[in-house]
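*Asks:* Structure provided below as structure tokens; questions to follow.
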Amino acid sequence: MAKLKIKNIGPIKNGLTSDNEYFDFSGVTLFVGSQGTGKSTIAKIYSTLSWIEKALVRGDFKPSHLKQYNRFLKHFDYQNISNYFNEDSEIFYKGEAFEIIYKKSRLEIIEKKTYSNYKFPKIMYVPAERNFITTVDRPDLIKRLPLQLYTFLEEYDFAKESISETINLPIGRVKYEYRKQNKKSYIVGSDFKLDLLEASSGFQSFVPLFLVTRFLSNSIEETEQSNYKQSSIDEEKKIKREIDKIFGSSNFPDNVKRALLEKLSSRNRYASFLNIVEEPEQNLYPFSQKQMLFELLKFKNVRKKNGLILTTHSPYIINYLTLAIKANELVKKFANNKVALDKINQIVPVESVISSDVVNIYELKENGDVGILPSYNGLPSDENYLNYFLAESNDLFVNLLELEDLCQ
């Protein structure tokens, strides 16, 4: 997995204030902090650079192309953060195939000597605005939506069209049904059937996240042909001609060209899935947040090289992740004890447990610094930014009780 160091981009000032300074995106990565501190900024930069690296390996364009006419920064228009850059902005990206360095408004791209083991990742950025696409009848006809939302909408449509039967949802004890005849989505309970347009905001946010994650995870085929040498010579020539045609056209802005390239690249077999999710807890009750997180962890665990990146405001996400880490320890400890494994599975599904070795949690501060959440015996510390506010509310309530006694 890649590593990333950034400074002076949007709300991120000094970046990660640790000896390493690099964000580690291997396995499960969480960014927590107040609104406007840069959680999504880091996630969007990582998403964009991962896509650029994939495009370089695929041969969509050469490093020299990115160095001309400010094209590198224009790629961040897709995530609507190109204006976050200034002359002091710095990026150091270490991927499996390329290193990308942007400093003092100069771009350097270093191709690694060998990257025969590079496997194409399917990169999905799940925006916080996703519930919008389930609250209107034809979101594809609405102009000026964020570009990443259009991409997510397209994958959501593919996911729905792939469904041939009702699906059990992991929250709410309900099922999801899609009717291709009228292109309608329904939430089905034991005694009701509700159009998703009329369902609660929690379902409107969760259903597209769940369906797209499920669809993309299940559609990836990890084969020996899924590396960068997969195409035949004739196929490579044909794709190269189509790429040249896209770049040779003056009718499309760069962000549209990117979308066309990504559609063209769907011919590639992907070997891993990078699932980047903004606010997965959106509009969900705490118990539903647990079920949602365990589902995302399950899909992450399908393949070793899969990645799960989350931005969150919810203290429950860290607490439930701690359960998954502790459960992983117990699964290893009682690997031959079926009774113990069954009891663990009732608390945390065994397919959703995760090793602390592949979990990284970063806390963003309002001054633009980022810190690493400490761990104790492999478990995330309770002394984190989100739990602080839970404790604060308890302290304030105690203060009110003391004031009540004093005033009587």
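*Asks:* Restricting the first residue to the stretch 285-311 and requiring it to be closer than 20 Å to Tyr270 by Cβ, which pairs with a second residue that is in a strand (DSSP E or B) and open to solvent by 30 Å² or more (accessible area, probe 1.4 Å) meet a Cβ separation below 9 Å and a spacing of at least six or different chains?
*Replies:* So the pair list comes out as Lys305/Lys119.
*Asks:* Filter the stretch 186-209 for residues that are within 16 Å of Arg130 (Cβ to Cβ), open to solvent by 10 Å² or more (accessible area, probe 1.4 Å) and touching a strand residue (DSSP E or B) at 6+ places or on another chain (Cβ under 9 Å) and give the result.
*Replies:* Once the filter is applied, which keeps residues that are within 16 Å of Arg130 (Cβ to Cβ), open to solvent by 10 Å² or more (accessible area, probe 1.4 Å) and touching a strand residue (DSSP E or B) at 6+ places or on another chain (Cβ under 9 Å), the stretch 186-209 yields Leu197, Ala199, Ser200, Phe203.
*Asks:* Looking at (1) modelled with pLDDT of 90 or more; (2) surrounded by fewer than 21 Cβ atoms within 10 Å (Cβ to Cβ), which one does Phe120 not meet, given that it meets all the others?
*Replies:* (1)
*Asks:* Then there's this: How about the stretch 336-376: which of its residues are within 18 Å of Ser34 (Cα to Cα), aliphatic (A, V, I, L, M) and open to solvent by 30 Å² or more (accessible area, probe 1.4 Å)?
*Replies:* Ile372
*Asks:* Inspect all residues belonging to the stretch 341-359 and state whether any of them is touching a strand residue (DSSP E or B) at 6+ places or on another chain (Cβ under 9 Å) and in a helix (DSSP H, G or I).
*Replies:* yes
*Asks:* Name every residue in the stretch 66-87 that is open to solvent by 10 Å² or more (accessible area, probe 1.4 Å), farther than 24 Å from Leu145 by Cβ and touching a residue at least 12 places away in the same chain (Cβ under 8 Å), in order of residue number. Break it down into steps so the answer makes sense when it comes.
*Replies:* To start, the set of residues in the stretch 66-87 that are open to solvent by 10 Å² or more (accessible area, probe 1.4 Å) comprises 67-71, 73-75, 77-78, 80, 82-87.
Restricting the remaining residues to those that are farther than 24 Å from Leu145 by Cβ gives 67-70, 86-87.
Passing the criteria: Lys67, Asn86, Glu87.
*Asks:* Something else about it: For the stretch 137-162, what are the residues that are free of Cβ contacts under 8 Å to residues at least 40 places away in the same chain and aliphatic (A, V, I, L, M)?
*Replies:* If we filter the stretch 137-162 for residues that are free of Cβ contacts under 8 Å to residues at least 40 places away in the same chain, which is where we start, we get 138-145, 149, 153-154, 157, 161.
Residues satisfying the conditions are Leu141, Ile142, Leu145, Leu149, Leu153.
*Asks:* Could you count how many residues in the stretch 77-94 are among the aliphatic types (A, V, I, L, M) and in a helix (DSSP H, G or I)?
*Replies:* Kept after step one, since they are among the aliphatic types (A, V, I, L, M), are these residues of the stretch 77-94: 81, 91.
Checking which are in a helix (DSSP H, G or I) leaves us with none.
Final tally of qualifying residues: 0.
*Asks:* Please work out if Leu321 is within 26 Å of Tyr125 (Cβ to Cβ) and touching a Leu at 6+ places or on another chain (Cβ under 6 Å).
*Replies:* So Leu321 fails the test.
*Asks:* Could you list all residues from the stretch 95-154 that are among the acidic types (Asp, Glu) and either within 19 Å of the chain's Cα centre (by Cα) or part of a loop (DSSP other than H, G, I, E, B) (or both)?
*Replies:* Here is the first cut: in the stretch 95-154, the residues among the acidic types (Asp, Glu) are 96, 99, 108, 111, 129, 137, 140, 154.
Matches in the stretch 95-154: Glu96, Glu129, Asp137, Glu154.
*Asks:* Within the stretch 271-297, track down each residue that is of a type in the set (D, E, K, R) and under 18 Å from Lys44 (Cα atoms).
*Replies:* So in the stretch 271-297, the residues of a type in the set (D, E, K, R) come out as 278-279, 281, 290, 295.
Result: Glu278, Glu279.
*Asks:* Spot the failing condition for Gln291; the list is (1) surrounded by fewer than 18 Cβ atoms within 10 Å (Cβ to Cβ); (2) over 16 Å from the mean Cα position of the chain (by Cα), and only one is missed.
*Replies:* (1)
*Asks:* Say whether the condition of being open to solvent by 20 Å² or more (accessible area, probe 1.4 Å) and either in a loop (DSSP other than H, G, I, E, B) or at pLDDT 95 or above (or both) is met by at least one residue in the stretch 306-319.
*Replies:* For the stretch 306-319, residues open to solvent by 20 Å² or more (accessible area, probe 1.4 Å) and either in a loop (DSSP other than H, G, I, E, B) or at pLDDT 95 or above (or both): present.
*Asks:* Here's a follow-up. Given the conditions (1) touching a strand residue (DSSP E or B) at 6+ places or on another chain (Cβ under 6 Å); (2) assigned to a loop (DSSP other than H, G, I, E, B), and given that Gly36 satisfies all but one, which numbered condition is not satisfied?
*Replies:* (1)
*Asks:* Collect the residues in the stretch 12-56 that are of a type in the set (Val, Ile, Thr) and either open to solvent by 40 Å² or more (accessible area, probe 1.4 Å) or within 17 Å of Leu274 (Cα to Cα) (or both), keeping them in residue-number order.
*Replies:* Here is the first cut: in the stretch 12-56, the residues of a type in the set (Val, Ile, Thr) are 12, 17, 28-29, 32, 37, 41-42, 45, 48, 52.
Listed by number, the residues that qualify are Thr17, Val28, Thr29, Thr41, Ile42, Ile45, Thr48, Ile52.
*Asks:* Would a scan of the stretch 169-180 turn up a residue that is under 24 Å from Leu293 (Cα atoms), touching a Lys or Arg at 6+ places or on another chain (Cβ under 7 Å) and either modelled with pLDDT of 90 or more or not in a loop (DSSP other than H, G, I, E, B) (or both)? Full working, then the answer.
*Replies:* To start, the set of residues in the stretch 169-180 that are under 24 Å from Leu293 (Cα atoms) comprises 169-178.
When the remaining residues are screened for being touching a Lys or Arg at 6+ places or on another chain (Cβ under 7 Å), the result is 169, 178.
Checking the rest, the ones that are also either modelled with pLDDT of 90 or more or not in a loop (DSSP other than H, G, I, E, B) (or both) come to 169, 178.
Scanning the stretch 169-180, I find at least one residue that is under 24 Å from Leu293 (Cα atoms), touching a Lys or Arg at 6+ places or on another chain (Cβ under 7 Å) and either modelled with pLDDT of 90 or more or not in a loop (DSSP other than H, G, I, E, B) (or both), so the answer is yes.
*Asks:* Okay, moving on. Give the number of residues within the stretch 7-29 that are in a strand (DSSP E or B) and of a type outside the set (Val, Ile, Thr).
*Replies:* Going residue by residue through the stretch 7-29, those that are in a strand (DSSP E or B) are 7, 9, 12, 15-16, 23-24, 28-29.
Filter again for of a type outside the set (Val, Ile, Thr), leaving 7, 15-16, 23-24.
Number satisfying all stated conditions: 5.
The values are calculated or read from the model by the stated rules, or taken from the named source; none is laboratory data. Note that the structure is predicted; figures quoted are calculated from it, not measured. Every residue, glycine as well, gets a Cβ built from its backbone with ideal geometry; the counts of neighbours run over all protein chains shown. Surface areas here come from the heavy atoms of the whole protein model, side chains and all, with no ligands, DNA or RNA. Shrake-Rupley method; radii C 1.70, N 1.55, O 1.52, S 1.80 Å.
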